[in-house]
Amino acid sequence: MNRQQALFEYLLRLGDNALILGQRLTEWIGHAPALEEEMGSANIALDLIGQARGWLAYAGTVEGAGRDEDDLAFQRDVMNFRNVLLVEQPNGHYGDTIARQYLFDAFHYPLLTALSACTDQSIAGIAAKASKEAAYHRRRSAEWVIRLGDGTAESHAKLQQSFDTLWPYTGELFALDEVDHTLRRTGVAADLTAVRREWHEHVTRTLAGATLVPPQEGWMQSGGKQGRHSEQLGYVLAEMQFLPRAYRDARW
Amino acid sequence: MYSQFVDTGVERMRCAEELPELERAFQDKIDSDIKIEPKDWMPEAYRQTLVRQISQHAHSEIVGMLPEGNWLTRAPSLRRKLILLAKVQDEAGHGLYLYSAAETLGASREALIEALHAGKAKYSSIFNYPTLSWADVGAIGWLVDGAALINQIPLCRCSYGPYARAMVRICKEESFHQRQGYEIMLALCAGSAVQKRMAQDALDRWWWPSLMMFGPPDAESIHTQQAMRWKIKRHTNDELRQKFVDQSVPQADYLELTLPDPALKRNEQTGHYDFGAIDWSEFWSVLKGDGPCNRQRIATRRQAYDEGRWVREAALAYGAKQDRRRAEFS
Ligand SMILES: [Fe+2]
Ligand SMILES: [Fe+2]
């Protein structure tokens, strides 16, 4: 794997994480538990999809094959998506969505902060803007974790279950492979060990504040970053990509 | 419109001499364009009419998120998805401002929403039609937000302060909504034959329901006369509808789309467009609950509300715990 291929893969990971999680959040619009949450979910989705545009547009440039952000978002199949499995998991109930969001935000913020100092100026630029948004995302989702965890007996039980179910998807966030190794040598990729340290500390503190028990460490899911996904992603893409695929040459 | 049929509870207009003193002072303020604020004295019928009108409007914003929300996950480009998402988010915001305005009149958001879910409150008939293709999102922005704008601009000068101020904020956003819708139509009409057919089909389905948005002819109605005297309505439904038709015809021409009304014709004498008869039986049927999506829309809202109950309860319980903890420390 040469540097350019690794960079393309890396950008797809960043872009696809933001895109798929943003797409999942838009499924809530019209169905959220309160008007304030309709607006809150839409805000996060707007930020994430906005970030995805930046990453995917740059990925297209790096690839040099003439693909733009929409070609990459709408014309790739499951095996070519590089998002982590966590973000493609179904919305479930609001507690599931909050737990998924928090586990991701707690990773996303330190990752983007590290990338703001990246030797690649384009990455540093997108990351600097996105990390400000991610700081807010993490604050909001952590507050919801605490509110639901320390709310009623029902919300506490539900949220504990959400974290237990999603926990096996957190290992993949920090798993290193050839892409990371290739890019680490030139100071492009973030140091995931440091990101993990901050993630772990933040999650531990938030779960304690929420009176939740940290899930048992054990077997972890993996594969999303290499294009081996869960059954969920195919349906997400089928819905999201329908129009550009049904009308191949149409402009919208 | 978003409040298509508002009962003022008034059966007969009274002249100034017949009004009790407080009410005469109230009417004097309105006549001299002084805003009525929440703490001011107001006749009970004025208060109730406003609650009805504002809550119908709020419900319309919220139910109105559903037909377009139906295409959020399927928007055909990332840019379109972001624009539509921002638009639908605005509508949630409009609902929030409006429920807050209704709360200044002593209504509670909770109770208003429960009335909606129980099928007791009205909302605009337009949102009971399905969005079958992406072009429907364009047609809604162009026609439905366009019609809303025509109806709501005069409400920025409405006599009730909180409602008027909410409308000022809302109208700014509605004009962006209309533009994004028209821009979708422009792209479709400049596209392939299939896209153009999609646009025409959407226009065919949304045109007449859009005209119905303004409500039945009401120049003669006692409710209209009363609402106008109170300055919570500024023009009759037919005046606003005519304005909408006059505005839309050249826009449709520019798109090279055909409005589905063979009787539509420019009247050289009046300078306005004459148009065909509206099927008011369809309007009344949809308003009473028998439209293509009425049951589905309410069921969706009710389900979201019911499934979100534990979340709202948890937030309240947590807030109460925090208050207790703070009290113990101080
Ligand atoms: Fe609106
Ligand atoms: Fe609107």
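The values are calculated or read from the model by the stated rules, or taken from the named source; none is laboratory data. As the structure is a prediction and not an experimental result, all values here were calculated from the model. Positions of Cβ are generated from backbone atoms using ideal geometry, with glycine treated the same way; all protein chains shown enter the neighbour counts. These accessible areas exclude ligands, DNA and RNA; they are computed on the full protein's heavy atoms, side chains included. Shrake-Rupley method; radii C 1.70, N 1.55, O 1.52, S 1.80 Å.
Filtered by the rule that a residue be surrounded by fewer than 12 Cβ atoms within 10 Å (Cβ to Cβ) and on the phi < 0 side of the Ramachandran plot, the stretch B:244-265 gives B:Pro250, B:Asp253, B:Pro262, B:Ala263.
Conditions tested, residue by residue: (1) touching a Gly at 6+ places or on another chain (Cβ under 8 Å); (2) among the acidic types (Asp, Glu); (3) over 24 Å from A:Tyr247 (Cβ atoms).
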residue: A:Ser41; (1), (2), (3): no, no, yes
residue: A:Asp71; (1), (2), (3): yes, yes, no
residue: A:Val84; (1), (2), (3): yes, no, yes
residue: A:Gly95; (1), (2), (3): no, no, yes
residue: A:Leu103; (1), (2), (3): no, no, yes
residue: A:Ser116; (1), (2), (3): no, no, yes
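Would you pick out the residues in the stretch B:95-105 that are more than 10 Å from chain A (Cβ to nearest Cβ) and either within 11 Å of ligand 1 (Cβ to nearest atom) or out of contact with any strand residue (DSSP E or B) (no Cβ under 9 Å at 6 or more places or on another chain) (or both)? Answer for the stretch B:95-105, where residues must be more than 10 Å from chain A (Cβ to nearest Cβ) and either within 11 Å of ligand 1 (Cβ to nearest atom) or out of contact with any strand residue (DSSP E or B) (no Cβ under 9 Å at 6 or more places or on another chain) (or both): B:Tyr97, B:Leu98, B:Ser100, B:Ala102, B:Glu103. In the condition set (1) free of Cβ contacts under 8 Å to residues at least 40 places away in the same chain; (2) within 19 Å of the chain's Cα centre (by Cα); (3) open to solvent by less than 30 Å² (accessible area, probe 1.4 Å), B:Gln48 is compliant with all but (3). For the stretch B:156-163, state whether one or more residues are in contact with a strand residue (DSSP E or B) (Cβ under 7 Å, 6 or more places away or on another chain), away from ligand 2 (no atom under 13 Å from the Cβ) and either open to solvent by 10 Å² or more (accessible area, probe 1.4 Å) or outside any helix (DSSP H, G or I) (or both). Yes, the stretch B:156-163 contains a residue that is in contact with a strand residue (DSSP E or B) (Cβ under 7 Å, 6 or more places away or on another chain), away from ligand 2 (no atom under 13 Å from the Cβ) and either open to solvent by 10 Å² or more (accessible area, probe 1.4 Å) or outside any helix (DSSP H, G or I) (or both). For the stretch B:131-146, the criterion of a residue being away from ligand 1 (no atom under 16 Å from the Cβ), open to solvent by 10 Å² or more (accessible area, probe 1.4 Å) and free of Cβ contacts under 8 Å to residues at least 60 places away in the same chain is satisfied by no position.
Looking across A:Ser222, A:Ser230, one residue alone is open to solvent by less than 40 Å² (accessible area, probe 1.4 Å) and either of a type in the set (S, T, N, Q) or not in a loop (DSSP other than H, G, I, E, B) (or both). It is A:Ser230.
Screening B:Leu96 on (1) open to solvent by less than 20 Å² (accessible area, probe 1.4 Å); (2) more than 12 Å from ligand 2 (Cβ to nearest atom) shows it passes everything except condition (1).
Scanning the stretch A:192-203 turns up at least one residue that is part of a helix (DSSP H, G or I), aromatic (Phe, Trp, Tyr), closer than 26 Å to B:Ala314 by Cα and open to solvent by less than 10 Å² (accessible area, probe 1.4 Å).
Looking across the stretch B:49-78, the residues that are within 14 Å of chain A (Cβ to nearest Cβ) and more than 16 Å from ligand 2 (Cβ to nearest atom) come down to B:Ser55, B:Thr73, B:Arg74, B:Ala75, B:Pro76, B:Ser77, B:Leu78. Pairs linking a residue in the stretch B:305-323 that is more than 7 Å from every other protein chain (Cβ to nearest Cβ) to a residue that is of a type in the set (Asp, Glu) and surrounded by fewer than 17 Cβ atoms within 10 Å (Cβ to Cβ), with Cβ atoms under 9 Å and 6 or more positions apart or on different chains, are B:Tyr305/B:Glu114. Residue check: A:Ala52 meets all listed conditions (1) surrounded by 24 or more Cβ atoms within 10 Å (Cβ to Cβ); (2) of a type in the set (A, V, I, L, M); (3) farther than 21 Å from A:Ala135 by Cβ but one, namely (3).
Considering (1) within 19 Å of A:Arg24 (Cβ to Cβ); (2) open to solvent by 10 Å² or more (accessible area, probe 1.4 Å), the lone condition that A:His108 does not fulfil carries the number (2).
For the stretch A:154-172, the set of residues classified as open to solvent by 10 Å² or more (accessible area, probe 1.4 Å), more than 9 Å from chain B (Cβ to nearest Cβ) and over 16 Å from the mean Cα position of the chain (by Cα) consists of A:Ala157, A:Gln160, A:Gln161, A:Asp164, A:Thr165, listed by residue number.
If the condition is being hydrophobic (A, V, I, L, M, F, W, C), assigned to a helix (DSSP H, G or I) and open to solvent by 40 Å² or more (accessible area, probe 1.4 Å), then the stretch B:273-293 contributes B:Trp280, B:Trp284. Look at (1) without any contact (Cβ under 8 Å) to a residue 40 or more places away in the chain; (2) within 16 Å of ligand 1 (Cβ to nearest atom); (3) more than 13 Å from the chain's Cα centre (by Cα) and you find that B:Met167 fails only one, number (3).
Residue selection: B:Glu68 satisfies the criterion of being in contact with a helix residue (DSSP H, G or I) (Cβ under 6 Å, 6 or more places away or on another chain) and of a type in the set (Asp, Glu). The set of residues in the stretch B:164-185 that are within 13 Å of another protein chain (Cβ to nearest Cβ) and either more than 19 Å from B:Gly93 (Cβ to Cβ) or crowded, with 22+ Cβ neighbours inside 10 Å (or both) comprises B:Glu183, B:Ile184, B:Met185. All of (1) over 18 Å from B:Tyr97 (Cβ atoms); (2) more than 16 Å from ligand 1 (Cβ to nearest atom); (3) buried (at least 20 other Cβ atoms within 10 Å of the Cβ) hold for B:Val194 with one exception: (3).
Every residue, every condition in (1) open to solvent by 50 Å² or more (accessible area, probe 1.4 Å); (2) of a type in the set (Val, Ile, Thr); (3) within 16 Å of ligand 1 (Cβ to nearest atom); (4) part of a helix (DSSP H, G or I), yes or no:
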| site | (1), (2), (3), (4) |
| --- | --- |
| B:Glu91 | no, no, yes, yes |
| B:Ala107 | no, no, no, no |
| B:Glu110 | yes, no, no, yes |
| B:Ala115 | no, no, no, yes |
| B:Lys120 | yes, no, no, no |
| B:Tyr123 | no, no, yes, no |
| B:Phe127 | no, no, yes, yes |
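Applying the set (1) within 10 Å of chain B (Cβ to nearest Cβ); (2) buried (at least 23 other Cβ atoms within 10 Å of the Cβ) to A:Leu46 leaves exactly one unmet item: (2). When the stretch A:201-249 is examined, which residues are found to be within 14 Å of chain B (Cβ to nearest Cβ), acidic (Asp, Glu) and under 24 Å from A:Leu25 (Cα atoms)? Within the stretch A:201-249, just A:Glu239 meets the criteria.
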